Amino acid sequence: MVLPPGTNGTVTSGAPRLALHAISRRYGGLQALDGASLNAAAGEVHALVGENGAGKTTLMKIAFGLETPDSGTMTLDGAPLAPRSPRDAMRAGIGMVQQHFALVDAMTVAENVALGGTGTLDLHATATLITRISADAGLPLDPHARVGTLPLSAQQRLEIVKALARNTHTLILDEPTAVLSPDESRDLLTWARRFADDGGTVILIAHKLREILSIADRITVLRRGRTILETRADATTETALAHAMLGLTPLAVRDKDGRRHTSIALRPTNPIITLRGVTATDENGAERLRDATLGVHAGEILGIAAIEGAGQRELLRVMAGRLTPLRGTATLPASIGWVPEDRHRDAVVLDATLLENLALRGAGSRKGLVAWNTLRGQAAAMMRERDVRAPEPNTTMRQLSGGNQQKFVIGRELADDPRALVVENPTRGLDIRATTSVHDALRAARDAGTAVVVYSSDLDEVLALADRIIVVAGGRTYDVPNDRDLVGRAMLDA
């Protein structure tokens, strides 16, 4: 994607419009932000970049009043800023379009814009306002259309129009092109450039370095919650940005003929999981995985490395048998263990007992009565084997720590010796002891002959566990040697 250089925007001098200084935020044992700072001026597109978990979205949620910092200060046009809610931020002129849209599908465009407003509801006036803003901004929308019928690009336009309807001058865009086609991405970024040139401020959270350099005036890089670099876009390169993000130099991963690796060479033995030409869509119908061809073999851990939103979520769910490909074929074993990253939503019932949660194994495929006495013995044995620390199988899942919950889920998914195990972010939020236990379980499963697939947003975790690595970038899969520099380069070379 090529756009006019972002440095054509007019960047004001003096105090920045939005300044965040020494912001820190801790969630339990996780230090999400550690003295991070950012200064965004009027009239500029300011890119905020960093690897997964660097703290980008958390920092912007603080600016938008969705989170409260533990320490640090914020100013807006030189005056103190301390929003306690998004309403406070919007009153100050700050808007945020989050990666996951906050829309009500059953309502119309006008009704969604009116939500959160004050005074008497006047949908006619709201529709008139939407028509005017849409025309002025070049963001076409039908005020009377049901949101659930709109394509993703139109839903994103709606989120922007919602912000503009509240007189936003500082707009935060969190991964705005992740769900868009190349043409739609180009149109959105062209609009962002025009909004900044007219005096607005755009803070763009993104991963694609080439895209960032084509649109941004200045760039802030976060790494592990800290500000590593702040620079003008015309004073840096993809190489320098990648080094600041990951501590490496970005070069394309290519073969001796200069071509990108596009598939793995399958081993002589038959793989346990085989994908051939698999294309898959996300829950909104957007095509996220394209023409994936790969195999996973018994007795190996296949690591999946990717920047957030690159298509790895769909890849994992296809391999786990939870998502049907749009095109291509997925040959899977009859027994597959699946450990999703959000265990509370997708893996356990918090108010059910451990025994009842164990009974969920294979739910939907079993028939007949549950042999509770037999299952109770299996639960007790699994708890001992996996070091799940709870008084008894009748303990509710909610009473366990996060580490013990995760050890339980992995133990449950391995209880029937599945031929394959697919695991997503297995140690997110866990302490060192629980992390070590989970890693040991995954390696033991591999050594017992299970085909294990592991994705983690922590690249170092993937490198530590994997016997072989697949990088997902731009929806496509690449076979990459188990080398941090090469893997990191491939992840950024979408």
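Bear in mind that the values in this text are calculations on the coordinates, not laboratory data. Since the model is a prediction, treat every value here as computed from it, not as a measurement. Backbone-built Cβ (ideal geometry, glycine too); neighbour counts: all protein chains shown.
Dividing the Cα radius of gyration of the stretch 6-246 by 2.2 N^0.38 Å, with N the residue count, gives 0.99. Sorted on the mean count of surrounding Cβ atoms within 10 Å across their residues, most packed first, peptides 300-307, 446-453 read 300-307, 446-453. Of all DSSP beta bridges confined to the chain, the antiparallel ones make up roughly 50%. Computed extension length for A464-D88: 131.0 nm, one decimal, from 0.36 nm per residue of separation with the Cα-Cα distance subtracted. Entry note: the stretch 153-212 has Rg to Rh equal to 0.93, where both radii use alpha-carbon atoms and Rh is the Kirkwood radius.
Mean sequence separation of contacting Cα pairs (under 8 Å, at least six apart), scaled by the length of the stretch 347-415, corresponds to a relative contact order of 44 percent.
Each Lys and Arg contributes +1 and each Asp and Glu -1, all at the Cβ; summed about the Cα centre of the stretch 6-246, the dipole is approximately 480 debye. As an equivalent ellipsoid, the chain spans semi-axes of 41, 27, 23 angstrom, where each value is the square root of five times an eigenvalue of the C-alpha gyration tensor, largest first. Here the chain is assigned +1 on the Cβ of each Lys and Arg and -1 on the Cβ of each Asp and Glu. Its dipole about the Cα centre then comes out at about 660 debye.
Dividing the mean sequence gap of close Cα pairs (under 8 Å, 6+ apart) by how many residues the chain holds gives a relative contact order of 16 percent. Each DSSP beta bridge with both residues in the stretch 6-246 is either parallel or antiparallel, and the antiparallel ones are about 55%.
Considering only P86, I172, L189, and ranking their Cα positions along the charge dipole of the stretch 6-246 that arises from unit charges at the beta-carbon of Lys, Arg, Asp and Glu, the one farthest toward the positive end is P86.
For the modelled label position 7 Å from the Cα of V349 along Cα-to-Cβ, which residues of the stretch 380-402 have backbone nitrogen atoms closer than 16 Å? Backbone N within reach: 394-399. FRET efficiency for the pair T149 and Q399, taken as 1/(1 + (r/R0)^6) with r the Cβ-Cβ distance and R0 = 60 Å, rounds to 0.85. Each peptide in 274-280, 234-240 receives the mean, over its residues, of other Cβ atoms within 10 Å, and ordering these scores from highest gives 274-280, 234-240. Three semi-axes describe the equivalent ellipsoid of the stretch 347-415; taken as square roots of 5 times the Cα gyration tensor eigenvalues and ordered largest first, they are 18, 12, 11 Å. For the stretch 6-246, averaging the sequence separation of C-alpha pairs within contact (under 8 Å, six or more residues apart) and dividing by the residue count gives a relative contact order of 30 percent. What residue among A306, N270, G488 has its Cα farthest toward the positive end of the dipole of the chain, where the charges are +1 on Lys, Arg and -1 on Asp, Glu, each on the Cβ? So the residue furthest toward the plus end is N270. Of the residues S153, L421, T126, the one whose Cα sits farthest toward the positive end of the charge dipole of the chain, with +1 on the Cβ of Lys and Arg and -1 on the Cβ of Asp and Glu, is L421. By the equivalent-ellipsoid construction on the alpha carbon gyration tensor, the stretch 349-477 comes out with semi-axes of 27, 17, 13 Å, ordered largest to smallest. The long axis of helix 182-197 is offset from the longest Cα principal axis of the chain by roughly 40 degrees. Between 0 and 90 degrees, the angle of helix 123-137 with respect to the longest Cα principal axis of the chain falls at about 80 degrees. The angle between the Cα long axis of helix 152-164 and the main principal axis of the chain comes to about 40°, on a 0 to 90 degree scale.
For A334 and A102, a Förster radius of 30 Å and the Cβ-Cβ distance give a FRET efficiency of 0.15, rounded to the nearest 0.05. Taking each residue as 0.36 nm, the span from D447 to E283 lengthens on full extension beyond its C-alpha to C-alpha distance by 55.6 nm.
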